[in-house]
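What follows is one structure encoded as structure tokens, with my remarks underneath.
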Amino acid sequence: MQKKEKEQAQENKSQPEYFIEGNTLFLYDSLKFNQAGQFVLEALKKLKKHKSKVLVVNLKNLKDIDSAGVTAINYLKNKLTKKGINVRIDDAPESISKKLELFSMQKPPAEIQTFKPSFLESIGQNLYSFFSDYFMRFLYLAADVFYWSINDLFNSKARRKGEVVNQAILIGVNATLIVVVMSFIIGLVIALQSSAQLRHFGADIFIVDLTVIAMMAQMGPLITAILVAGRSGSAIAAEVATMKVTAELDALKTMGINSVRFVIVPKIYGCLSTIPFLTILANIAGIAGGMVAANIFLDITPEIFINRMGHSLYNKDIITSIIKSLVYGSLIVLTGSFFGLRVKEGAEGVGKSTTIAVVVAISLVIIADSILGLIFYT
Amino acid sequence: MDLDKIIEVAGLTVDFDGKTVLSDVSFNAYNGQVTVILGGSGSGKTTVLRQILGLNPIRQGKINVLGKDISTLDESEQTKLYMKMGVFYQNGGLISSLTVGENVALPLEQHTNLPKEIIEEIVKMKLSLVYLQDTYKMYPSQLSGGMFKRAALARAIVMDPQMLLCDEPGAGLDPVSLASLDQLILDLKKLMKMSIIIVTHEVSSILRIADRVIFLENTKAIFEGTLSDALKSKKEPLINFFNKGKGQ
Ligand SMILES: Nc1ncnc2c1ncn2[C@@H]1O[C@H](COP(=O)(O)OP(=O)(O)O)[C@@H](O)[C@H]1O
Ligand SMILES: [Mg+2]
């Protein structure tokens with residue numbers, strides 16, 4: 001990537017050759033993609049003080065021009081015409097004038113052999129192909145996404161403008177309501193179900209600890225992740241799969257644009273920048289649910305509940321919550337993209353990869369949850 | 001012949017899941033010419049283009065593009081080669097989440113340092129070449145089939161590529177649009193010295209634009225040669241093909 005940019009910089013070094021004498025602007029050699037931009041900017045600056053009402057652009061010595069060059073000349077002409085300067089293009093060799101004509105705004109026209117492997121062999125083969133096909137490729141995609149996410153931070157030129165915000169809204173902000181409502185209900189149910197048990201032991205007040213710890217450490221991040229996987233894991237898989245089926249990804253590739261960076265990286269940033277906040281909201285909503293249940297079934301007033309919360313709320317749980325949400329968010333985007341990219345031809349394939357992406361994303365989230373649980377609480 | 005070969009396909013064999021799509025196909029395309037690839041539906045025309053673009057791995061055979069064996073290129077060399085090519089995909093390949101204007105601007109934004117205003121002007125001009133100046137702010141899904149194709153063509157030529165590959169750009173266009181598309185292709189060839197590889201079914205179009213014809217049938221390239229030789233050929237599929245077209 002860096003090598004490419006260096007080469008590009010070298011190509012761009014070539015200066016446009018021109019000079020202005022009296023009422024005439026002489027252009028030399030060539031005016032192409034790599035010189036056109038600089039030419040327009042410089043020439044406009046120099047012509048700011050142009051007093052005369054005419055400017056002749058002399059192309060006698062221009063050897064080559066492309067569509068960017070033609071556009072640059074036309075742009076200059078339009079800008080100056082607006083200032084009341086009459087611009088005339090003069091002395092263009094035939095090959096140049098034909099290109100000037102071609103690349104000017106057009107008016108619309110008037111009207112094999114197979115054998116069956118043994119049972120054990122096929123188990124081995126399936127295991128092997130699962131490993132090489134899914135596991136390794138998934139890791140490979142993850143590495144690719146990681147590389148381009150970092151690269152994207154330092155290279156703003158080729159970044160897709162506004163896409164991260166767009167994705168943050170789609171993946172995160174739009175999920176707020178459902179996440180809050182579901183977490184509230186789950187918090188309420190957890191507290192409700194445990195209240196009967198706790199009352200047996202006269203340990204009513206521990207309802208607070210139970211709700212807070214269950215929501216912060218476990219349920220908050222998990223509910224958020226499962227809802228995001230359901231909403232966005234499928235949407236991501238469908239989008240990527242559709243792009244693949246309709247050759248959009250091929251088109252990006254042959255335009256020299258990395259599709260991981262163009263399509264997946266904004267989703268990673270959009271998701272990772274919102275899912276921690278969603279998770280915190282889920283935690284708060286769940287605890288609020290618990291508070292309501294405690295008030296109704298155990299006569300613990302919100303005041304007592306909040307006082308007690310001070311004893312049961314640990315920084316560690318808040319941090320765990322956020323770390324978990326980041327891991328789950330990455331898994332959801334990666335899984336969605338992975339199955340989107342693996343789509344087989346046709347619209348039917350898009351549906352299949354969408355379904356499998358959601359199932360796998362939720363499974364991976366739950367597996368990750370148990371692994372993280374072991375790491376954080378042992 | 002003193003023409004440069006821009007594409008050399010030699011002994012290309014492709015099969016998908018055991019089904020042979022191309023067997024031992026060889027042909028050349030030359031600099032500054034319009035090369036037309038012909039053949040019935042499903043005869044492997046798109047597959048040939050995808051192989052030339054390196055979108056499918058080459059299992060058997062060899063393809064040189066602009067003198068480079070494409071199976072040996074690393075990623076940056078391949079990207080460099082792509083910069084010299086414009087590609088029109090059979091189903092358009094426009095990015096559906098971007099407007100037509102943003103689609104056409106994409107290669108310019110990614111690969112040049114041109115200021116925004118100039119990029120916008122180039123995009124509008126290129127869209128006007130395919131008579132789509134009013135679609136700048138529209139999304140691909142809002143375009144009709146013919147407009148969609150023309151927008152994709154505008155994107156393919158936005159960087160003035162040395163080589164243009166088109167997969168059935170004329171299919172479904174009305175005769176007037178088709179004729180103006182052909183004129184554009186001829187202009188690009190003549191004025192920009194663009195080499196053009198084009199898959200098409202339209203006989204009228206072929207007669208207007210082709211320098212060279214490759215005919216695919218039953219997984220093989222059964223004819224390769226100039227347009228006039230193709231018209232004189234005694235091979236049945238060619239005779240049938242051109243006769244059918246004359247009636248239109
Ligand atoms: N990725 C693929 N997997 C399996 N079969 C394919 C694939 N691509 C093309 N084919 C098959 O190859 C044959 C030729 O397809 P194609 O090159 O698209 O034909 P054409 O463009 O000439 O209509 C068809 O039978 C098609 O089904
Ligand atoms: Mg095809």
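The values are calculated or read from the model by the stated rules, or taken from the named source; none is laboratory data. Since the model is a prediction, treat every value here as computed from it, not as a measurement. So basically every Cβ, Gly included, is an ideal-geometry build from the backbone, and we count neighbours across all protein chains shown. In case anyone asks, the SASA skips ligands and DNA or RNA and just uses the protein heavy atoms, side chains included. Shrake-Rupley method; radii C 1.70, N 1.55, O 1.52, S 1.80 Å.
Listed values, structure above:
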{"item": "Subset tally (residues that are within 25 Å of B:F242 (Cα to Cα) and away from ligand 2 (no atom under 16 Å from the Cβ)) for the range B:10-23", "result": "1"}
{"item": "Matching residues, the range A:220-254, being under 30 Å from A:L281 (Cβ atoms), open to solvent by 10 Å² or more (accessible area, probe 1.4 Å), hydrophobic (A, V, I, L, M, F, W, C) and more than 15 Å from the chain's Cα centre (by Cα)", "result": "A:L222, A:I223, A:I226, A:L227"}
{"item": "Neighbours by Cβ (under 7 Å, 6+ apart or cross-chain): first from the range B:162-183, in the same structural domain as B:S41 (by TED's automatic domain parsing); second of a type in the set (G, A, S) and open to solvent by 30 Å² or more (accessible area, probe 1.4 Å)", "result": "B:G172/B:G145"}
{"item": "Hits in the range A:149-175 - residues which are open to solvent by less than 20 Å² (accessible area, probe 1.4 Å) and more than 21 Å from B:L108 (Cα to Cα)", "result": "A:S149, A:Q167, A:A168, A:I171, A:G172, A:A175"}
{"item": "Residue match in the range B:187-197 (condition: within 16 Å of ligand 2 (Cβ to nearest atom) and surrounded by 17 or more Cβ atoms within 10 Å (Cβ to Cβ))", "result": "yes"}
{"item": "Number of positions in the range B:164-198 that are among the polar types (S, T, N, Q) and more than 13 Å from chain A (Cβ to nearest Cβ)", "result": "1"}
{"item": "The range B:121-146 - residue that is within 27 Å of B:V203 (Cβ to Cβ) and part of a helix (DSSP H, G or I) and, of those, most open to solvent (accessible area, probe 1.4 Å)", "result": "B:G145"}
{"item": "Residue that is farthest from A:A43 (Cα to Cα), among those in the range B:99-120 that are facing chain A (nearest Cβ under 9 Å) and part of a loop (DSSP other than H, G, I, E, B)", "result": "B:T112"}
{"item": "Single residue of the range B:28-41 satisfying the filter (open to solvent by 10 Å² or more (accessible area, probe 1.4 Å) and away from ligand 2 (no atom under 16 Å from the Cβ)) that is nearest to B:G170 (Cα to Cα)", "result": "B:Q33"}
{"item": "Condition broken by B:L165, with the remaining ones in (1) within 16 Å of ligand 1 (Cβ to nearest atom); (2) surrounded by fewer than 20 Cβ atoms within 10 Å (Cβ to Cβ) satisfied", "result": "(2)"}
{"item": "Failed item, numbered, when B:D211 is tested on (1) open to solvent by less than 10 Å² (accessible area, probe 1.4 Å); (2) more than 16 Å from ligand 1 (Cβ to nearest atom); (3) more than 12 Å from every other protein chain (Cβ to nearest Cβ)", "result": "(1)"}
{"item": "Matching residues, the range B:147-190, being over 13 Å from the mean Cα position of the chain (by Cα), part of a loop (DSSP other than H, G, I, E, B) and not β-branched (V, I, T)", "result": "B:M159, B:D160, B:G172, B:L173, B:D174"}
{"item": "Selection count where residues are closer than 30 Å to A:A238 by Cβ and either open to solvent by less than 10 Å² (accessible area, probe 1.4 Å) or of a type in the set (A, V, I, L, M) (or both), scope the range B:96-120", "result": "9"}
{"item": "Count of residues meeting criterion [under 21 Å from A:F130 (Cα atoms) and buried (at least 20 other Cβ atoms within 10 Å of the Cβ)] in the range A:324-349", "result": "13"}
{"item": "Entirely in the range B:1-85, the strands (runs of 3 or more DSSP E) that have 3 or more residues that are within 14 Å of another protein chain (Cβ to nearest Cβ) and within 15 Å of ligand 1 (Cβ to nearest atom)", "result": "B:5-16, B:19-30"}
{"item": "Residue under evaluation B:G93, criteria (1) surrounded by fewer than 23 Cβ atoms within 10 Å (Cβ to Cβ); (2) within 15 Å of ligand 1 (Cβ to nearest atom), criterion not met", "result": "(1)"}
{"item": "Test: A:G270 is assigned by TED's automatic domain parsing to the domain that holds A:A235 and open to solvent by less than 40 Å² (accessible area, probe 1.4 Å)", "result": "yes"}
{"item": "Set A:I375, A:I287: member being open to solvent by less than 20 Å² (accessible area, probe 1.4 Å) and β-branched (V, I, T)", "result": "A:I287"}
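Conditions tested, residue by residue: (1) farther than 19 Å from A:K316 by Cβ; (2) at pLDDT 90 or above.
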{"position": "A:V180", "(1), (2)": "yes, yes"}
{"position": "A:S183", "(1), (2)": "yes, yes"}
{"position": "A:G187", "(1), (2)": "yes, yes"}
{"position": "A:S195", "(1), (2)": "yes, no"}
{"position": "A:H200", "(1), (2)": "yes, no"}
{"position": "A:I207", "(1), (2)": "yes, no"}
{"position": "A:Q218", "(1), (2)": "no, no"}
